[in-house]
Every structure is written in C-alpha cells, then in structure tokens.
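Since the structure comes first, as structure tokens, the remarks are kept for the end.
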Amino acid sequence: MEEIEYLGTLTNRWQVGASTFLASPQVGARLMNWNISYPDGTFRDIITWPELSDSSEIAHARGGNPILFPFSARTFDKGEIHSWKDLAGKHRPMPMHGIARQGTFVITRIDETGFASRFEPSAEAQEAYPYKYDFEVVYRFDEKELTVELRLCNNDSVPIPWSAGHHFYFNLPWIEGTTRRDYEIAIPAQKACRHAADGSLFEANLPKRRESIANPELVDRIHYDLSRSVVICECLVDNSKIEIEMGADRKPHSEYAVVTWTESDTAPFFCIEPWMGPPNSPETKVGLHMVNPGEREAYSVTIRL
C-alpha cells in the first residue's frame, strides 16, 4: 500500500497480486478504481473512474463506488423530493444518495489488506440525520475480489433507521470489440419495481433468468426478494464473469435490492448496485432497517472475478 497525491488530495493505492485498487479513505471513503493486469502487459478496469480536473468533482463523479448512506437514491416527504420524515415526525432534508459520498471520513485502520474509515458528520449532515451513531466503511482487498462492509452502531437512546447501499460503476463492455449485446446478467429476483416521480414504487416486469445488458428495461429497474445472494454478469465471448454477493447467507434479506442503471447507451460503464432496500424506504417502509440503541448492524458485499 502506498500514499499518492491525486488532484491535490491524498489517496491510497494497493497492489494485491495482479490487482490494483485506488481509494480515497478520507473523502467519501471512496473506492475509485480497480484494475487487473495480465501477463501480456494489458490490463482491464473492473471498476472505472473518469478523468477529472478538480478534487471538488470527486463526490459526484460517475465512477468508483459512491457510498449511499443513510438512504439510497431519492427520498420524499409527501411528494417533496430530497426530504424525509424522521421517526419523531419531523420534516428533514436528505440529499440524493444521502450524506456520506460527499462527506469527510477519518481513517481508523489502514494496512496492506485494505482500510476502515469512520464518517464525521458535518452540521448539515447532522440536520439531515439527527442521531448519535458511528458509521464505518470497511474495505478488504484480494487479488480477484473485494469485500466492503457498511457498519452502523447506534449510540443514541432511540432506534435509528437506515437503508444504505453501493453504486458500483463497472467498466462494461470490458473486452475490446464487444458491445453490451455480448453481455448478460442474471439477477435471481422474485419481485421488481420502479420509482415514481412522487416517490412511490410501482410494479415492473420481472427479469428473465438471464438478460442482455443491452435490454433498455434494465435501466432504473429495482430487483428485490432475491432467491439467492449472488448476481452474475458474464461476457458471452470468453465467459469471463463478475459476481456480486450480498452477505454471507445463501438467501439474503427479502427486501435487499439490486438496481441496474446506466447514463446512456454509449456510456463506458454499467452500474449494478446492491442496496439494503428500494429507494424512499423511510416513506414506503420497504427495505427500511432499524438499529436499536446500543446495537450494531452491518451490510456486506463481495465482488469477485
């Protein structure tokens, strides 16, 4: 592991066998890039990162893995976007994807295997999420896999709601000369929905056992009630795969969700996003998890090649 400068900020780079990981543990606890090299001198981005001109662009960059906390995507309070009603019934602000991806973290552990960083809420973050808590992001790197765990410890005297998630920007297509039509995804979901403009959820067509990444219906579709914990994306040209596993149990929590999204047909990335539940969980109560006083809850995801 080495410390390097990137756009005037300190970031860290890990070399683990053929894999290289670049992350910013103190700026959003952001994994920025994962690439793997091959014996012939070529390399492949697994998780991609765009060209930026200024460090202020990091929080909202289309790349890496933004941490979505305490809630994923958009929240609403009676139709008002970017807001929510806390458990005491008070109307509060809540930015898109929450308060962590643009936040400051303090490193609590860093070594050759990865890092752990604790969120330091600003005054604005405290207004949006008014609890006493420790939120920690923990990364573990291996040659052909990574594991990231989100940990929420309740230091308050009241229950704390959350429904966090990840926004992995996968490099896809990952083989030169291929298109999205050469890739398929298998999501073992028994339910699917979409997010309406007023924050409500409405039923969507269930995915097939395997679907082409080029299928436009995948964009912004929320898959949940998973029968298995593993999602697989495969290139049909050489059968190379990416596996995304949620938790350690064969069957994950019924309201855990996988969201698929891309910016356009020509974007160099395709996002496969494991979340603790669909968006707007404080209002719909679907995928809303509670941590009782003095207790801790964790949400882990492993990506392997």
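Annotations
- Expressed as a fraction of 2.2 N^0.38 Å, the C-alpha radius of gyration for the stretch 149-305 is 1.09.
- Ranked by the mean number of other Cβ atoms within 10 Å of their residues, highest first, the peptides 291-297, 276-282, 139-145, 44-50 come out as 276-282, 44-50, 139-145, 291-297.
- Eigen-decomposition of the gyration tensor built on the alpha-carbon atoms of the stretch 1-113 gives equivalent ellipsoid semi-axes of 33, 15, 13 angstrom, largest listed first.
- Shape of the stretch 229-305, Cα gyration tensor, a/c cut at 1.5: oblate
- Taking the square roots of five times each eigenvalue of the Cα gyration tensor of the stretch 2-304, the equivalent ellipsoid has semi-axes of 29, 25, 17 Å, listed largest first.
- Value of Rg to Rh for the stretch 76-192 (Rh from inverse mean 1/r over Cα pairs, i.e. Kirkwood): 1.05
- Considering the stretch 112-167, its Cα convex hull presents a mean projected area of 5.0 nm².
- 3J(HN,Hα) from dihedral phi, the stretch 293-300, Karplus parametrisation 6.51/-1.76/1.60, rounded to Hz, x for glycine, proline: x, x, 10, 9, 10, 10, 10, 10
- Taking amide H atoms as placed 1.01 Å from N in the peptide plane, the amide H of Asn33 lies under 5 Å from those of Leu22, each 5 or more residues away in sequence or on another chain.
Every number in this text was worked out from the coordinates using simple rules, so none of it is lab data. Because the structure is predicted, anything quoted here is derived from the model rather than measured. Glycine also receives a Cβ, built like all others from the backbone with ideal geometry; neighbour counts cover every protein chain displayed.
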